[in-house]
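These notes concern the structure reproduced below.
The values are calculated or read from the model by the stated rules, or taken from the named source; none is laboratory data. Note that this is a predicted model, so its numbers are computed, not measured. Note that each Cβ is placed from the backbone with ideal geometry, even for glycine, and that neighbours are counted across all protein chains shown.
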Amino acid sequence: MKKRYEIKILGRELAVLSDAEDEQVANVVRFVNEKMEDIMQSNDELRTVDVAILAALNISEDYLKLKGVNQDLCEQLTHRSEKLIQLIENAS
(Lines give C-alpha, C1' and ligand atoms only; values in the text may rest on other atoms or scores of the structure.)
Protein backbone atom coordinates (compact mmCIF):
# COMPACT_ATOMS: atom_id res chain seq x y z
CA MET A 1 0.00 0.00 0.00
CA LYS A 2 1.33 3.40 -0.95
CA LYS A 3 2.34 5.76 1.80
CA ARG A 4 2.47 9.55 1.54
CA TYR A 5 5.84 11.18 2.17
CA GLU A 6 6.68 14.85 2.57
CA ILE A 7 10.12 15.24 1.03
CA LYS A 8 12.43 18.14 0.32
CA ILE A 9 14.46 18.35 -2.91
CA LEU A 10 16.76 21.38 -3.21
CA GLY A 11 14.75 23.13 -0.51
CA ARG A 12 11.45 22.55 -2.29
CA GLU A 13 8.86 20.53 -0.40
CA LEU A 14 6.94 17.88 -2.29
CA ALA A 15 4.39 15.25 -1.37
CA VAL A 16 5.01 11.85 -2.97
CA LEU A 17 3.42 8.43 -2.76
CA SER A 18 5.58 5.32 -2.54
CA ASP A 19 5.42 1.61 -1.70
CA ALA A 20 9.02 1.79 -0.49
CA GLU A 21 10.08 1.67 3.14
CA ASP A 22 10.87 4.92 4.95
CA GLU A 23 14.62 4.29 4.83
CA GLN A 24 14.55 3.64 1.08
CA VAL A 25 12.62 6.85 0.43
CA ALA A 26 15.12 8.76 2.56
CA ASN A 27 18.01 7.20 0.62
CA VAL A 28 16.46 8.18 -2.72
CA VAL A 29 15.84 11.75 -1.55
CA ARG A 30 19.41 12.02 -0.25
CA PHE A 31 20.82 10.60 -3.50
CA VAL A 32 18.81 12.99 -5.70
CA ASN A 33 19.73 15.98 -3.54
CA GLU A 34 23.42 15.04 -3.72
CA LYS A 35 23.30 14.71 -7.52
CA MET A 36 21.52 18.04 -7.88
CA GLU A 37 23.87 19.80 -5.45
CA ASP A 38 26.89 18.46 -7.36
CA ILE A 39 25.49 19.93 -10.57
CA MET A 40 24.73 23.26 -8.91
CA GLN A 41 28.29 23.48 -7.59
CA SER A 42 29.66 23.10 -11.11
CA ASN A 43 27.46 25.93 -12.40
CA ASP A 44 25.59 28.08 -9.89
CA GLU A 45 23.80 30.06 -12.60
CA LEU A 46 21.62 27.15 -13.74
CA ARG A 47 17.89 27.35 -13.16
CA THR A 48 16.41 24.72 -10.86
CA VAL A 49 14.60 23.07 -13.76
CA ASP A 50 17.88 22.78 -15.67
CA VAL A 51 19.56 21.26 -12.62
CA ALA A 52 16.71 18.76 -12.33
CA ILE A 53 16.98 17.82 -16.02
CA LEU A 54 20.75 17.39 -15.83
CA ALA A 55 20.41 15.29 -12.67
CA ALA A 56 17.78 13.13 -14.37
CA LEU A 57 20.10 12.65 -17.35
CA ASN A 58 23.06 11.74 -15.13
CA ILE A 59 21.02 9.34 -13.02
CA SER A 60 19.53 7.76 -16.16
CA GLU A 61 22.99 7.28 -17.66
CA ASP A 62 24.22 5.59 -14.47
CA TYR A 63 21.10 3.42 -14.35
CA LEU A 64 21.41 2.30 -17.96
CA LYS A 65 25.10 1.44 -17.50
CA LEU A 66 24.28 -0.64 -14.42
CA LYS A 67 21.35 -2.26 -16.20
CA GLY A 68 23.71 -3.30 -19.00
CA VAL A 69 26.24 -4.68 -16.53
CA ASN A 70 23.45 -6.59 -14.78
CA GLN A 71 22.22 -8.01 -18.08
CA ASP A 72 25.75 -9.11 -18.99
CA LEU A 73 26.18 -10.80 -15.61
CA CYS A 74 22.84 -12.59 -15.96
CA GLU A 75 23.81 -13.84 -19.41
CA GLN A 76 27.16 -15.08 -18.07
CA LEU A 77 25.42 -16.82 -15.21
CA THR A 78 22.94 -18.46 -17.57
CA HIS A 79 25.74 -19.61 -19.85
CA ARG A 80 27.78 -21.01 -16.96
CA SER A 81 24.72 -22.74 -15.51
CA GLU A 82 24.00 -24.37 -18.86
CA LYS A 83 27.63 -25.56 -19.05
CA LEU A 84 27.43 -27.00 -15.52
CA ILE A 85 24.17 -28.79 -16.32
CA GLN A 86 25.74 -30.22 -19.46
CA LEU A 87 28.82 -31.40 -17.50
CA ILE A 88 26.61 -33.03 -14.88
CA GLU A 89 24.47 -34.74 -17.51
CA ASN A 90 27.57 -35.99 -19.36
CA ALA A 91 29.10 -37.32 -16.12
CA SER A 92 26.07 -39.46 -15.30
_Those residues of the stretch 40-50 which are exposed (fewer than 13 other Cβ atoms within 10 Å of the Cβ) and within 18 Å of L14 (Cβ to Cβ), in sequence order_ = R47, V49
*asked:* Among the residues of the stretch 59-72, are any modelled with pLDDT of 95 or more and surrounded by 13 or more Cβ atoms within 10 Å (Cβ to Cβ)?
replied: yes
_Filter the stretch 17-40 down to the residues that are within 19 Å of A55 (Cβ to Cβ) and more than 16 Å from the chain's Cα centre (by Cα) and list them by number._
E37, D38, I39, M40
*Mind listing whichever residues of the stretch 18-39 are in a helix (DSSP H, G or I), among the hydrophobic types (A, V, I, L, M, F, W, C) and over 13 Å from K8 (Cβ atoms)?*
F31, I39
*asked:* Just to be sure before I move on: is A15 among the small types (G, A, S), closer than 27 Å to K3 by Cα, outside any helix (DSSP H, G or I) and out of contact with any Pro (no Cβ under 9 Å at 6 or more places or on another chain) in the structure I sent?
replied: yes
*asked:* So in the stretch 41-57, with the set limited to residues that are without any contact (Cβ under 8 Å) to a residue 12 or more places away in the chain and in a helix (DSSP H, G or I), which one is farthest from K3 (Cα to Cα)?
replied: S42
